[in-house]
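The values are calculated or read from the model by the stated rules, or taken from the named source; none is laboratory data. Fair warning: this is a prediction, and the values are worked out from it, not measured in the lab. Heads up, the Cβs are rebuilt from the backbone with ideal geometry, glycines too, and the neighbour counts pull from every protein chain shown. When the accessible area is computed, the model is the full protein with side chains, heavy atoms only, and any ligands, DNA or RNA have been set aside. Shrake-Rupley method; radii C 1.70, N 1.55, O 1.52, S 1.80 Å.
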Amino acid sequence: MIKTAVFISGRGSNFTVLHENMKNGVIKGAEVCAVFSNNPAAAGLEYAEKEGLPVIVIPSGGRKDREAYDAEILEAIAPYKPDLICLAGYMRVVTSVLVSAFKNRIMNIHPALLPAFPGLNAQKQALEYGVRFSGCTVHFVDTGVDSGPVILQAVVPVLPSDTEEALSARILKEEHRLYSEAVGLFAAGSLKVNGRRVEISE
Ligand code: GAR
């Protein structure tokens, strides 16, 4: 059973679905060992507490030294011995402090088909650019912004009538499915990183 620390900053729907799918067996061989947030007001923390999961909050407001901040996170999560960190709507770029301690063991979900539309408001960026398709990407995390090796992607159409909310909802449905699949593959030992490419074995 691999232990997963989930990092959130807000709503936490990806976190909730991951945890539910670990409990109901859709994701096999993984459990949530701790939930971390940089935002004390993150709505997802309520669900974590209701589920009796260990919660760690270190407010990031005003914290300029990103390395020192990540070193604190590292120390705070260490007692829970995570094998994997899942960034799930965690709106901070992680530094080499976390990335090197968890080499190829930090995943992120991003609401666009990377390398298109990295960073904030990816769904709005896609709409404004006028693409016909967008989607979501689960990738391993490096020190760049949404730039690490791609694990899985899912595609959704962008419709002429789409608002940012409508497109976001269509993508979010795929995010929930895709993130669970990626964590299941990691837990099964099926992911191997070879340079920029992630090899998936049965
Ligand atoms: C999700 O759409 C996720 O892909 C996005 O934030 C949302 C969080 O929702 N993440 C990013 O944009 C990271 N660059 P959630 O808190 O309900 O999972």
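Restricting attention to segment 61-98, and to residues there that are of a type in the set (D, E, K, R) and either surrounded by 13 or more Cβ atoms within 10 Å (Cβ to Cβ) or under 17 Å from the mean Cα position of the chain (by Cα) (or both), which single residue is nearest to Ile109 (Cα to Cα)? Out of the qualifying residues, it is Arg92. State all residues of segment 161-194 that are basic (Lys, Arg) and either out of contact with any strand residue (DSSP E or B) (no Cβ under 9 Å at 6 or more places or on another chain) or within 20 Å of Ile85 (Cα to Cα) (or both); if no residue qualifies, say none. If the condition is that a residue be basic (Lys, Arg) and either out of contact with any strand residue (DSSP E or B) (no Cβ under 9 Å at 6 or more places or on another chain) or within 20 Å of Ile85 (Cα to Cα) (or both), then Arg177, Lys192 are the ones that fit. When residues in segment 121-146 are screened for being within 11 Å of the ligand (Cβ to nearest atom), in a loop (DSSP other than H, G, I, E, B) and over 17 Å from Glu165 (Cα atoms), 3 of them pass. Listed conditions (1) outside any loop (DSSP other than H, G, I, E, B); (2) more than 15 Å from the ligand (Cβ to nearest atom); (3) out of contact with any Lys or Arg (no Cβ under 9 Å at 6 or more places or on another chain); (4) in contact (Cβ under 8 Å) with a residue 24 or more places away in the chain are all met by Glu49, apart from (4). Yes or no: segment 149-159 includes at least one residue that is open to solvent by less than 40 Å² (accessible area, probe 1.4 Å), of a type outside the set (Asp, Glu), within 18 Å of the chain's Cα centre (by Cα) and more than 15 Å from the ligand (Cβ to nearest atom). Taking every residue of segment 149-159 in turn, at least one turns out to be open to solvent by less than 40 Å² (accessible area, probe 1.4 Å), of a type outside the set (Asp, Glu), within 18 Å of the chain's Cα centre (by Cα) and more than 15 Å from the ligand (Cβ to nearest atom). Looking across segment 39-60 at every residue that is touching a Phe, Trp or Tyr at 6+ places or on another chain (Cβ under 9 Å) and more than 21 Å from Lys81 (Cβ to Cβ), the one that is surrounded by the most Cβ atoms within 10 Å (Cβ to Cβ) is identified as Gly44.
Scanning segment 1-45 for residues that are under 16 Å from Pro59 (Cα atoms), in a helix (DSSP H, G or I) and more than 10 Å from the ligand (Cβ to nearest atom) yields a single hit, Leu45. Each residue in segment 106-120 was checked for being open to solvent by 20 Å² or more (accessible area, probe 1.4 Å), without any contact (Cβ under 8 Å) to a residue 40 or more places away in the chain and more than 7 Å from the ligand (Cβ to nearest atom), and 4 of them qualify. Look at segment 131-150: where a residue is at positive phi and a partner is more than 11 Å from the ligand (Cβ to nearest atom), sitting 6+ places away or on another chain with Cβ atoms under 8 Å, you get Gly135/Leu113; Gly135/Gln153; Gly135/Ala154; Gly135/Val155; Gly135/Val156; Asp146/Pro115. Output yes when any residue across segment 166-179 is away from the ligand (no atom under 12 Å from the Cβ), within 14 Å of the chain's Cα centre (by Cα) and within 19 Å of Asn21 (Cα to Cα), and no when none is. There is at least one residue in segment 166-179 that is away from the ligand (no atom under 12 Å from the Cβ), within 14 Å of the chain's Cα centre (by Cα) and within 19 Å of Asn21 (Cα to Cα).
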